Structures are given as structure tokens and as C-alpha cells.
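Inspection log for the structure reproduced underneath, given as C-alpha cells.
The values are calculated or read from the model by the stated rules, or taken from the named source; none is laboratory data. Owing to the predicted nature of the structure, the values given are computational and were not obtained by experimental measurement. Cβ: placed from backbone, ideal geometry, glycine included. Neighbour counts: every protein chain shown. Ligands, DNA and RNA are stripped out before the accessible areas are found, and what is left, the full protein with its side chains, is counted by its heavy atoms. Shrake-Rupley method; radii C 1.70, N 1.55, O 1.52, S 1.80 Å.
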Amino acid sequence: MSTDSPAPADTAARSLAHWSEEGRREMEAFYALARLDYELLAKALDWSALLGRMQSDRSLTLLDVACGSGKFPQALTAYAGLEGVRELRYDLLDPSAFSLTEAAAALSAPFAEGTHYESTMEDLAPEEGPWDVVWATHALYALEPAKLDAAVARYLAARAPGGFSFLAQGARGGHYIDVYEAFLEGVRGGEGTPYVASDDLIAAMRDQGAEPEVHRLRYEHVVAAEDTAVLEGFLQRCLFDDTVPLAELLEAPLVGAYLRGCHDTAAGVYRFHHEVDCVVLSDDEGATPWTAAS
Ligand SMILES: C[S@@+](CC[C@H](N)C(=O)[O-])C[C@H]1O[C@@H](n2cnc3c(N)ncnc32)[C@H](O)[C@@H]1O
């Protein structure tokens with residue numbers, strides 16, 4: 001039984017291990033559903049108007065914090081109508097060399113590949129930056145709690161005066177945070193560090209004197225119950241743990257009950273409910289061009 005296996009590495013180490021070539025199959029199963037996360041962020045505000053306005057008096061620099069495999073810039077290119085936006089330098093930050101390479105390969109106009117920082121947010125050298133635009137989309141779940149304040153301080157300092165920063169992260173009550181807590185409690189005997197939620201990041205920003213504008217998105221991922229390959233790959237990626245098969249997850253304490261609660265038996269699908277906060281920092285209060293879609 002997998003629960004008798006030696007204790008796996010903690011959250012931050014498992015995140016780094018899974019953001020690798022070995023994790024590609026699981027990553028692809030995950031994005032069969034999670035691609036929607038980035039489509040909704042690309043449609044949540046009028047990025048074309050925002051970037052166009054900022055470009056009127058300068059050429060922009062941008063930092064993508066925890067760039068992952070570049071799903072956010074890809075979604076922007078596909079859904080945000082950026083044809084009128086001038087080229088901007090797109091710097092990438094991630095502790096995983098695999099992620100830096102994947103995200104760089106995903107960039108297309110108007111994003112021009114810039115510097116790669118193989119670093120965590122908290123360890124980014126203080127002399128780097130600042131940037132006109134900083135974004136961190138579904139980025140900081142695996143932060144170690146002891147490093148949360150340092151990561152948030154570095155994130156705040158990365159935004160140039162007059163700049164715009166955008167962070168999107170799951171909140172408590174949404175799938176990404178809740179399924180992992182149920183897994184740690186029910187399968188790992190309460191051992192392991194829970195994911196950082198948007199609630200934690202927003203509180204740390206406020207503690208450090210920032211005044212973020214917060215906009216909540218609510219939506220579902222829906223997958224056919226019989227599509228067990230996608231279901232298992234998605235869930236294992238959510239947990240950064242591919243040692244517990246779907247059948248065991250469904251029977252396990254807490255996480256099994258959670259998953260049964262997501263099962264819409266009448267429709268033959270699982271529905272994973274998401275609560276995602278979009279957190280904006282800007283000097284232009286009230287000027288964020290949220291769309292009706294958000
Ligand atoms: C879900 S991905 C982000 C997806 C990405 N924003 C996109 O658009 O595709 C999470 C990334 O966070 C990175 N990461 C983990 N801990 C980090 C930290 N402390 N600082 C910065 N990045 C981190 C991981 O290596 C991984 O590439």
C-alpha cells in the first residue's frame with residue numbers, strides 16, 4: 001500500500017522534482033484541464049488596452065514569476081487580442097531550468113524572450129529589476145512558509161514606479177488548496193506543508209503595507225468520470241505525487257470523501273470547483289480594465 005512507503009519529500013522539493021522532463025506526461029494530463037485557468041486569466045481583463053496604455057510613453061519590461069511552461073503568455077496570445085501591442089522584453093524567473101526552457105519556447109509576439117533567472121522569487125538578487133509589468137500566475141503554491149514574507153517583499157519590490165503587477169492564485173475553498181490539504185491529512189498523516197493560498201499572499205502584502213486590488217474568479221473544471229487517465233494525471237499533478245493511483249485516492253480518508261463530493265454521478269463527470277484571486281498592484285487606483293467576462 002502506497003501509504004506505507006517512505007515519507008516523500010516535502011512540497012517545495014516535490015514541486016521542483018515534478019517540473020522536469022520526467023514530469024512531462026503528468027504535466028500534459030494536468031493541462032488538459034488546467035489550460036482553462038490561463039484562458040480565464042487572459043480574458044479577465046483587457047490586456048491589450050492595459051499594455052497599449054502603458055506603452056504610450058515607454059518601452060516595457062516584464063517579469064514572469066514562476067513561468068512554468070508558459071501557459072499564460074500562450075493564452076494571452078490566443079485570447080487577448082494583442083496584435084496592436086508593441087514588442088516587449090519578457091524576462092523569465094523559475095527555480096526549474098526545465099520550466100525556463102519550456103516557457104521560453106512558448107513565447108511569441110509581442111513577447112520577446114529576455115533574461116532567464118533560474119531562481120526562486122525569494123532568492124532573486126535585489127539588484128535585478130524593477131520591471132514595468134510583473135506577473136505570477138498560479139505560481140507560488142509551493143513556497144515554504146518560512147520564506148513567504150521574503151518572497152512577497154521581493155515580489156513587491158520587483159514592480160517599478162508606475163508599474164503593474166498581477167498575481168493569480170487559488171484561494172481556500174477552491175480545489176487546488178482543498179484537495180492538497182485533504183491529501184496531506186488523509187493520506188500522509190498530516191505530514192507535509194500545505195500549499196500557500198491567495199489568502200496568505202494577500203495578507204502578507206497587506207502586512208507589508210501594500211494595498212492590493214482583489215478580484216475573485218469562480219469556475220469549474222469538468223472531466224468525464226470515465227476519462228480516468230486525465231482524471232488521475234490531473235489529480236496527481238495537483239498533489240505533486242504520482243505514487244498514489246486514482247483508485248486509492250478515491251478510497252482514501254478525507255481525499256476520497258472530497259473527490260466523491262466532486263462527482264456528479266447524474267452527469268457522469270467530476271466537477272472541480274475553483275476560487276481564484278486576481279491580485280493587482282498599480283499606482284492607478286480603479287484603472288484596472290476588468291472585463292465583463294471576469
Ligand atoms: C503551475 S507553474 C506556473 C505556471 C505558469 N505561470 C504558466 O503560465 O504556465 C508553477 C511554477 O512555480 C515554480 N516555483 C516553485 N516554487 C517557486 C518559488 N519559490 N519561486 C518561484 N517559482 C517557483 C515551479 O518550478 C513551477 O515552474
In sequence order, what are the phi-derived ³J(HN,Hα) couplings for the range 73-87 according to the Karplus relation 6.51 cos²θ - 1.76 cosθ + 1.60 with θ = phi - 60°, rounded to whole Hz, with x for glycine and proline? x, 5, 5, 4, 4, 6, 10, 9, x, 8, 4, x, 7, 6, 3
Taking all protein chains as present, what is the carbon and sulfur share of the accessible area of the chain, in % to the nearest whole number, probe 1.4 Å? 50
Short version: ³J(HN,Hα) in whole Hz for each residue of the range 275-291, in order, from phi by Karplus 6.51 cos²θ - 1.76 cosθ + 1.60 (θ = phi - 60°), x for Gly and Pro, what are they? 10, 10, 8, 9, 10, 10, 10, 7, 7, 9, 4, x, 9, 5, x, 4, 9
For the chain, the percent of all C-alpha pairs falling in each 5 Å bin, from 0 up to the bin holding the max distance, is 1, 5, 12, 17, 19, 17, 13, 8, 5, 2, 1, 0, 0
Leaving out ligands and nucleic acids, note down the accessible area per residue over the chain with a 1.4 angstrom probe, in whole Å². 42
Fully extended, how many nm does the chain gain between ASP10 and ALA97 (0.36 nm per residue separation, minus their Cα-Cα distance)? 29.3 nm
Is there a quick way to get the dipole size of the chain? I mean about its Cα centre, with the Cβ of Lys and Arg at +1 and of Asp and Glu at -1; what is the value in debye to the nearest 20? 580
Within the range 12-282, percent of DSSP bridges classed antiparallel, to nearest 5: 50
Residue-span extension gain [ALA293 to LEU246] - 0.36 nm each, minus C-alpha spacing: 13.5 nm
Which shape class, rounded, prolate or oblate, goes with the range 153-209 when its Cα gyration tensor gives a ≥ b ≥ c as root eigenvalues, a/c under 1.5 marks rounded, and past that a/b bigger than b/c marks prolate? prolate
At a probe radius of 1.4 Å, what is the per-residue accessible area of GLU181, in Å² to the nearest 10? 70
ALA171's amide H: which non-local residues (gap 5+, or another chain) put their own amide H closer than 5 Å, with H modeled 1.01 Å from N in plane and none for Pro or chain starts? SER198, GLU275, VAL276, ASP277
Of GLY192, GLY174, MET205, which is farthest towards the positive pole of the range 150-212's charge dipole, taken about the Cα centre with +1 and -1 on the beta-carbons of Lys, Arg and Asp, Glu respectively? MET205
Expected vector for the range 13-30, Karplus 3J(HN,Hα) from phi with 6.51, -1.76, 1.60 and θ = phi - 60°, integer Hz, x for Gly and Pro, equals 5, 6, 4, 5, 5, 7, 7, 8, 4, 4, x, 4, 4, 5, 4, 5, 4, 4
With a 1.4 Å probe and all protein chains in place, put GLU191, GLU232, GLU122 in order of accessible area, largest first. GLU191, GLU232, GLU122
Starting from the Cα gyration tensor of the range 239-280, take the square roots of the eigenvalues, sort them a ≥ b ≥ c, and report rounded, prolate or oblate (rounded when a/c is under 1.5, otherwise prolate if a/b is larger than b/c, else oblate). oblate
If you take the square roots of the eigenvalues of the alpha-carbon gyration tensor of the range 173-255 and sort them as a ≥ b ≥ c, do you get rounded (a/c under 1.5), prolate (a/b over b/c) or oblate? oblate
